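Read-outs throughout are calculated quantities, based only on the coordinates presented, and are distinct from any laboratory measurement. Values in this document were obtained by computation on a predicted structure and should not be read as measured data. Backbone-built Cβ (ideal geometry, glycine too); neighbour counts: all protein chains shown.
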Amino acid sequence: MSQYDVCIIGSGAGGGPVAYQLSLAGYTVLVLEKGPFLKQNDYYKDELACCRRSVYTPNLTDEFHVIEDYAGKDEQGNYKWSSESTLDSGWDFWNGNLVGGATNLMSGFFHRLKPEDFRLKSEFGEIKDANVVDWPIEYTDLEPYYAMVEQIVGVSGRVTPHPNMEPRSTKEFPYPATNEHPITKFIDHGCEALTLHSLPTPRAILPTSISTQRGGCQYSGYCGSYGCASGAKGSSREALINAAIASGNCSLQDRAKVTRLISDQTGKVIHAEYIDKHNQTKTVQAKIFVVACQAVETSRLLLSSIGPKHQQGLGNQYHQVGKNMLFSAGGSGSGEFYYDDYNAEQAQQLKIRGPFVNRYLQDWYFINDKKLGRAKGGTVEFLLSHPNPINRANGVKWGDDDKLVWGRALKQKLKAAFTQSQKLKFEIFCDWLPTDDCFVSLDSQHKDKWGSPVAKLRVGYHDHDLEVGNYILERSKKIFEKMNAKNISGSVSGSPPPNLQAGGCRFGNDPKTSVLDKDCRIHNAENVFVTDGAWMPTGGSVPYTFTIYANAFRVADLIKKQL
Amino acid sequence: MDENKKLLTQWDNSLSPALHELLDANLARRHFLHNAGKAIAGAALIPSIALFTACDQNTKTAISTTLLTEPWPTFAAVQLVLFPNDGNGPSATDLNAAAYLNFVLTARDTDQDDRRFILKGIDWLNRLANSEVKTNFIMATPEQQQQLIQKISTSTSGERWLSYLLLYIFEALLSDPVYGGNPKGIGWQWLQHQPGFPTPGKNKTYPELLKR
């Protein structure tokens, strides 16, 4: 049996930085990744592979989740929950089970958190029925690592001061902004009319080539949900794992499913047990283990890892593992621009596909409102509607009466939907308040194809999330009115977006209320760290990937000290 | 209840509630952005044909011959009702929609329940056609075919069956031509859709990636 300095479980945003930093520092590293190793020349703009077949995510017959969703209240006013497997519902909670994880498929909106996000309870006070806490670290602890990610992973953009901007140690992003879609002029105009600050989106996409391995963006217009064919996207695979392997100190096994971490009498983990691509059960020994399987699966693995000192699961002595799961609250909306309303040149510009809609707003990151008081708000991101044509066509087949449309009428509908207008969307990212109704446990009935209990996930939300989302939604729609968009619509929902997950193993100073210490080390298992988004006690109001990357670089430095 | 209504109800009742749910879940999954398709144990036993555009001449000839025998002419006729040659863009025939459906139903990752349901739908359609117009669907007049499709759409199973067929027509219309539909990108051109690039070669199609 081989022994490594560090064994990392998962190769995405949480695993990549640790593999990169430690292997480049000369430590021996093994990365175990459940998914396949698809490389740059395996990624094409193919809607079937990307989004309509189980290629980048597991086949649900092999592996699924059980979701407990809100189902009204009983006569006593208590919440009721309905339980259904994702195999039965079709509501898939897997994201990018690949080398590089879901970072292969991200859109790459890379916003930092604000200092206030690290002390939400102190800044905004308690909210009834929400488990809001301050973090055990501050923004200044993470800031150098945000700067590091911008450099190493590659973030492009233009730093533009605005009232809610966070402090920065560097004046500019290391890479200039990617090309922008002409529709950004419409957004700028609409925001200016409302005295809002339309800002250029920082993005983990390289505008030009930086090495033989990482080319610049090809501007095909197919970015989010797709793997990058040029290496421009700052996936963990492109930016970190490839370099780690090239160092000669990092080995990677793909299609290796870790089933449990085996601990000794002292509580220390000595082996990881996994099933390899040939269905052989193996174990590996290491001095340090890093768990980074994405939030839900990380909790599941810890709960499945029973040991002499971990009778309730690894790190679960106070029943905190899996608790306080987070998603991203908020909603989305859109407006349409009909080509006939514009002259030929403007219409042609609107039709363009390829450059990015690099615009976002943080005017409502903090709210002062009569009803909400001083409250935490969120971020608004603008984007074109997703280009996937099959998905789009499939949505056209239903008529206004919810009956199928076919024949000549269907073809007319399709032609109109595809050729008459450009749809601009906006997405609202708000804090998903941690509550007792959002958590992961092990399902007692269902198992995956390897015989391990699947994760059961209760997905309750806090009503405050909807109030904040609606506050931002109504104001965002006004921007679209100023842009003279048609068919303006939007909605806010408590439904969790499966691709934006965090929490479940929050870090903190008190072992009774947290799973990890402030270094992201399990309180009573000194050689196990968690570096995917599971450590987050509150999530902030931006997508998580940038912060997960930055924190994993921070933890890598701490692991170096421990080795 | 008239005879035809009974037939449609019978079709609905012939499927267990669990299968109804499963088929709906499969359809729903195909509507979500990040997902689709599930195989079940034993699916690998289904002989898989190579992709139509990516295979050798012998295989192409074999597929063409297959498409001449039932149920494929009937599938092609139904697809033409759903996506007609009406002077507005390509028809199902132009899109090679029947060959594409054949590819889907023989692909290793296609769910067996989906496959059985889609194939069984032809039987139910012909039972209805024989009851209604005393002939198989393919021999009915264009007007009769329209009426039969309209009629089956009023049942749960019938609407679901048509929904599946439409989904795979859309895939034949808008997926990469390497999969056999959308020849020379006619679907993209008709809808003025700008495809992404690079596009997959025959060695990088999704069935090839699934082998990795």
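Structure data summary
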item	result
Dipole magnitude of the protein assembly as shown, debye to nearest 20 (Cβ charges: Lys/Arg +1, Asp/Glu -1, about Cα centre)	1240 debye
Distant-in-sequence amide H partners of A:LYS323 (H built 1.01 Å from N, under 5 Å)	A:VAL440
Positive dipole terminus of segment A:241-399, leading residue within A:SER251, A:ILE262, A:PHE289 (C-beta point charges)	A:ILE262
Segment A:132-216: radius of gyration over Cα atoms, expressed as a fraction of 2.2 N^0.38 Å	1.32
Percent of beta bridges antiparallel (DSSP, the protein assembly as shown, rounded to nearest 5)	75 percent
Computed magnitude of the charge dipole of segment A:428-563 (debye, nearest 20; Cβ of K, R +1, Cβ of D, E -1)	400 debye
Radius 11 Å from Cβ of A:GLY540, net charge of other residues (Lys, Arg +1; Asp, Glu -1)	-1
For segment A:289-354, average projected area of the Cα convex hull in nm²	8.1 nm²
If the convex hull is drawn through the Cα atoms of segment A:79-177, its volume per residue in Å³	183 Å³
Table column - 3J(HN,Hα) (Hz), segment A:370-386, Karplus curve with 6.51, -1.76, 1.60, x for Gly and Pro	4, 7, 7, x, 7, 9, 7, x, x, 10, 10, 10, 9, 7, 6, 4, 4
Stokes-Einstein D (µm²/s) once Rh is taken as the Kirkwood radius of segment A:209-279 over alpha-carbon pairs, at 20 °C in 1.002 mPa s	140 µm²/s
Semi-axes of the equivalent ellipsoid for chain A, Cα gyration tensor, largest first, Å	37, 26, 25
Relative compactness, segment A:313-398, computed as alpha-carbon Rg over 2.2 N^0.38 Å	1.75
Square roots of 5 times each gyration tensor eigenvalue, C-alpha, segment A:494-563, largest first, Å	22, 15, 9
In nm, spacing of pseudo-spin labels at A:ILE352 and A:SER169 (7 Å Cα→C-beta vector)	3.7 nm
Rg/Rh (Cα only; Kirkwood hydrodynamic radius) as it applies to segment A:381-499	1.09
Dipole-positive endmost among A:THR103, A:GLN151, A:VAL492 within the protein assembly as shown (Cβ charges, Cα centre)	A:GLN151
Cβ-derived FRET efficiency at R0 41 Å, B:MET139 paired with B:SER14, nearest 0.05	0.95
Dipole of the protein assembly as shown, positive end: most advanced residue of A:VAL31, A:PHE366, A:SER441 [Cβ charges, Cα centre]	A:VAL31
With 10 Å bins from 0: P(r) over segment A:295-441, alpha-carbon pairs, percent	9, 22, 21, 22, 17, 7, 2, 0
Computed over segment A:241-315, Cα set: Rg, Dmax in Å	13.4, 40
Of every Cα-Cα pair in segment A:1-66, the percent that sits beyond 15 Å	65 percent
Listed residue pairs exceeding 28 Å between alpha carbons, taken from A:LYS114/A:LYS370; A:LYS233/A:LYS351; A:LYS121/A:LYS268; A:LYS121/A:LYS371; A:LYS282/A:LYS309	A:LYS121/A:LYS268
Calculated Rg and Dmax of segment B:78-206 using C-alpha coordinates, Å	15.9, 51
Quotient of C-alpha Rg and 2.2 N^0.38 Å, computed over segment A:408-563	1.43
Computed label-point distance, nm, for sites A:ASN179 and A:ASP437 using a 7 Å Cα→Cβ extension	4.8 nm
Estimated FRET transfer efficiency (A:SER209, A:ASP141; beta-carbon r; R0 56 Å; 0.05)	0.95
Point-to-point label distance, B:ASN203-A:ARG158, nm (Cα→Cβ direction, 7 Å offset)	4.3 nm
Cβ-Cβ FRET estimate between A:SER491 and A:GLN285, R0 fixed at 35 Å, reported to 0.05	0.10
For A:SER263, residues with placed amide H under 5 Å, excluding near neighbours	A:ILE270
Within-13-Å neighbourhood charge of B:ASN136 [Cβ basis; K, R +1; D, E -1]	-1
Mean residue ellipticity (222 nm) of chain A, computed from DSSP H runs ≥ 4 via -39,500 (n - 2.57), nearest 500	-6500 deg cm²/dmol
